[in-house]
Amino acid sequence: MTTILQINSARAFARRPVDAARRRTHRKLQQSNPGATLVKRNLLADNLSHLDDATLGAFFTPADQRTPEQAAINAKSEALINELQAADSVVIVALLYNFGISSQLKTYFDWIARAGISFRYTATGPEGLVKGKKVFVVSARGGKYVGTPN
Ligand SMILES: Cc1cc2nc3c(=O)[nH]c(=O)nc-3n(C[C@H](O)[C@H](O)[C@H](O)COP(=O)(O)O)c2cc1C
């Protein structure tokens, strides 16, 4: 059974009646992959903390020395990595916010980029440990750039 992970990283501007990019992506994925398991990760609801002292402290404290709070942060981070590892394909809905990705999406990357878990350092440089996935980025923006078609 194919598993597709849809990562929703921002909410469309409130003037819209629906969150078009996220909903359209979900509908299209369902239509074109009827047998697949579709897992939705809603980064708006997750409210992951930025890499502040508490979060970084939790990530870098050895497992046997963690406080309960640090253990909970690590459990959440590892659950996100396991969810990613379990997916065959990943669809990232990346709305353009102020010429970049949303802070929620950047924070998600901070929570899943863990040395020794999702990547490791080797003698020839870093090696990703999340392998064999197809990743699609659905990018939506409100503006139009000079020289691009309508
Ligand atoms: C805070 C904020 C910043 C945005 N910044 C940009 C931008 O820099 N460039 C742009 O083209 N659109 C920008 N947009 C528009 C969003 O990219 C657009 O609303 C979103 O892609 C719409 O997706 P939808 O089809 O789900 O409504 C911004 C929207 C918001 C709310």
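General observations
- Against the list (1) surrounded by fewer than 16 Cβ atoms within 10 Å (Cβ to Cβ); (2) within 16 Å of the ligand (Cβ to nearest atom); (3) in contact (Cβ under 8 Å) with a residue 60 or more places away in the chain, the condition His50 fails is (2).
- Which listed residue is outside any helix (DSSP H, G or I), more than 16 Å from the ligand (Cβ to nearest atom), modelled with pLDDT under 90 and over 19 Å from the mean Cα position of the chain (by Cα), from Pro17, Pro34: Pro34
- Scanning region 130-150 for residues that are among the aliphatic types (A, V, I, L, M) and either within 15 Å of the ligand (Cβ to nearest atom) or surrounded by fewer than 11 Cβ atoms within 10 Å (Cβ to Cβ) (or both) yields Val137, Val138, Ala140, Val146.
- Scanning region 105-130 for residues that are part of a loop (DSSP other than H, G, I, E, B) and of a type in the set (Lys, Arg) gives a single hit, Arg114.
- Conditions (1) over 12 Å from the mean Cα position of the chain (by Cα); (2) at pLDDT 95 or above; (3) under 23 Å from Lys28 (Cα atoms): number failed by Leu96: (2)
- Of all the listed residues (Glu127, Glu78, Glu69), the sole one being surrounded by 12 or more Cβ atoms within 10 Å (Cβ to Cβ) and either of a type in the set (Asp, Glu) or under 20 Å from Arg22 (Cβ atoms) (or both) is Glu78.
The values are calculated or read from the model by the stated rules, or taken from the named source; none is laboratory data. The shown structure was predicted, so the numbers you read here are calculated from the model rather than taken from an experiment. Note that we place each Cβ from the backbone using ideal geometry, even for glycine, and neighbour counts take in every protein chain shown.
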